[in-house]
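Peer 1: Dumping the structure here so I can ask a few things about it.
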Amino acid sequence: MPRIRPFTFWLARKKISPQAARLLFVCRDLLSAANELRWIREHVNTTPSKIPPNLRLHQLCSKRARGTPLQYLLGTQPFGDLEILCRPGVLIPRPETECYTIELAALIKRNLPKHKPLNVLDICTGTGCIALQLYASLTPHFPTHIQAIDISPVAISLAQRNLSHNIQLGNLISPPPQLTPILTPNTKSTVSFTLLSLFSPALLTTLSSHPPDVIVSNPPYISNKAFSTTTSRSVRNHEPRLALVPEHDDISLELNCQPEDVFYARILHLAKELKGCTRVILFEVADMEQAGRVVRLVERDEVLRGWYDVVEIWRDWPDEEHEDHIVKGEESNVAVAVKGIGEGRVVYLWNSRGGEMEGKR
Ligand SMILES: C[S@@+](CC[C@H](N)C(=O)[O-])C[C@H]1O[C@@H](n2cnc3c(N)ncnc32)[C@H](O)[C@@H]1O
């Protein structure tokens, strides 16, 4: 990373303010420092506090300069149609996640029958951003039942607050109260957040009566090594390790995959246990290399390979102009389309043949 020139600090202090010079330590350039200062100032001026505004501004800028993510200081992050509350202990939603969630909703709207209730399962929901954006996008078109799970009580309670917060803002329509936290067939749309681990045997019992048509997951996927070498200091020091690094080495041995891929292998196993009822599976991944490994988890399994005839890798911005790039699987003849621009970000599996889900992209 190039060093910041003393002249840039001087400019920030003289032309903007001493707080902007402080923000340069994390923002690295004048324009970003000026923008962040404006957002922090707006936050101080619009949210009540007992601390005098100047002192509060100083405190927030100092925390930001020490690496606290902006979203934890401002308390929110825009995500599609929503305003997502953020708090320490729960991963901050990323723009790439927002981008593929919108793309996924568009695909579902284009290709799925509108008269049938749609069951969606969001595994590792965190703030609830993916579940709530899908709920916002799909409920005007389908009776949609969204079930989201996470192992962290802090995340589940924040996701529930995000539902009420966005209903209050008028971004979401209020779902009827759910009596039981399972996917129930209902003509009205529902969304619920449940404290449950992907690895809990209770999950299959919960899902088998109303299996999900769509499974989406942004799970922990960083290896221990990458966490200590390539993850940024701000992420390492401020965001929860539970959200980033899978710690299930025993299960990864059992599922015959790399430790950082264990959530994908377990979800694919779950899809098999659900006997192919799930028509769409979307995984967020770290990069092209991990995307390739996830594709191979599908290819090496005869049953999954038979069900999911459309296998795609999406880059960060899947809807951007791109040349479709087709790669052939290593262990089978499955053709994998690589879409969009940026880093490999998503593995998308689609059973295009089953029932009414047939569609064209
Ligand atoms: C990468 S974050 C994703 C959060 C959110 N979906 C997003 O896209 O911003 C992963 C989430 O997985 C949750 N998690 C970790 N282990 C889990 C498990 N065994 N079962 C369910 N959730 C788990 C963490 O608490 C964290 O909220």
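The values are calculated or read from the model by the stated rules, or taken from the named source; none is laboratory data. Values in this document were obtained by computation on a predicted structure and should not be read as measured data. Glycine gets a Cβ as well: all are built from the backbone with ideal geometry, and neighbour counts include every protein chain shown. Just the protein is used for accessible areas: all its heavy atoms, side chains included, with ligands, DNA and RNA removed. Shrake-Rupley method; radii C 1.70, N 1.55, O 1.52, S 1.80 Å.
Peer 1: Kindly indicate whether Pro220 is under 30 Å from Trp350 (Cα atoms), more than 10 Å from the ligand (Cβ to nearest atom) and crowded, with 19+ Cβ neighbours inside 10 Å.
Peer 2: Against the criterion (under 30 Å from Trp350 (Cα atoms), more than 10 Å from the ligand (Cβ to nearest atom) and crowded, with 19+ Cβ neighbours inside 10 Å), Pro220 does not qualify.
Peer 1: Moving on to the next point. Can you list residue pairs whose Cβ atoms sit under 9 Å apart, with the first residue in region 59-76 being among the small types (Gly, Ala, Ser) and the second being part of a strand (DSSP E or B)? Count only pairs 6 or more apart in sequence or on different chains.
Peer 2: Taking only residues 6 or more apart or on different chains, the pairs are Gly75/Leu85.
Peer 1: Quick one: is Ile108 more than 10 Å from the ligand (Cβ to nearest atom) and over 21 Å from Tyr72 (Cα atoms)? Let's see the steps before the verdict.
Peer 2: On the way: more than 10 Å from the ligand (Cβ to nearest atom): yes; over 21 Å from Tyr72 (Cα atoms): yes.
Taking the combined requirement at face value, the residue satisfies it.
Peer 1: With the condition kept exactly as written, say whether any residue in region 178-197 is free of Cβ contacts under 8 Å to residues at least 24 places away in the same chain, away from the ligand (no atom under 11 Å from the Cβ), among the hydrophobic types (A, V, I, L, M, F, W, C) and closer than 30 Å to Pro140 by Cα.
Peer 2: yes
Peer 1: How many residues, within region 247-280, are modelled with pLDDT of 95 or more, assigned to a loop (DSSP other than H, G, I, E, B) and within 16 Å of the ligand (Cβ to nearest atom)?
Peer 2: 2
Peer 1: Out of all the residues in region 1-27, which are surrounded by 14 or more Cβ atoms within 10 Å (Cβ to Cβ) and under 33 Å from the mean Cα position of the chain (by Cα)? Break it down stepwise before answering.
Peer 2: So in region 1-27, the residues surrounded by 14 or more Cβ atoms within 10 Å (Cβ to Cβ) come out as 4, 8-9, 11-13, 16-17, 19-27.
Within region 1-27, Ile4, Gln19, Ala20, Ala21, Arg22, Leu23, Leu24, Phe25, Val26, Cys27 qualify.
Peer 1: Does region 224-243 hold any residues that are in a loop (DSSP other than H, G, I, E, B) and either buried (at least 18 other Cβ atoms within 10 Å of the Cβ) or modelled with pLDDT under 95 (or both), and which are they?
Peer 2: Thr230, Thr231, Ser232, Glu239
Peer 1: While we're on this one: How many residues are among the β-branched types (Val, Ile, Thr), more than 9 Å from the ligand (Cβ to nearest atom) and open to solvent by less than 30 Å² (accessible area, probe 1.4 Å) if we restrict to region 64-104?
Peer 2: Let us first name the residues in region 64-104 that are among the β-branched types (Val, Ile, Thr), namely 68, 76, 84, 90, 92, 97, 101-102.
Keeping just the survivors that are more than 9 Å from the ligand (Cβ to nearest atom) gives 68, 76, 102.
From what is left, the residues that are open to solvent by less than 30 Å² (accessible area, probe 1.4 Å) are 68.
The number of residues fulfilling the criteria is 1.
Peer 1: Moving on to the next point. Would you confirm whether or not region 292-315 contains a residue that is closer than 26 Å to Gly126 by Cα, part of a loop (DSSP other than H, G, I, E, B), of a type outside the set (Phe, Trp, Tyr) and at pLDDT 90 or above?
Peer 2: no
Peer 1: From Thr47, Thr101, grab the single residue that is under 25 Å from Ile151 (Cα atoms) and either modelled with pLDDT of 95 or more or among the polar types (S, T, N, Q) (or both).
Peer 2: On inspection, the qualifying residue turns out to be Thr101.
Peer 1: Shifting gears a bit: Give region 131-155 a look and list any residue that's open to solvent by 10 Å² or more (accessible area, probe 1.4 Å) and either of a type outside the set (Asp, Glu) or not assigned by TED's automatic domain parsing to the domain that holds Val280 (or both), or say none.
Peer 2: Passing the criteria: Ala136, Ser137, Thr139, Pro140, His141, Pro143, Ile151, Ser152, Pro153, Val154.
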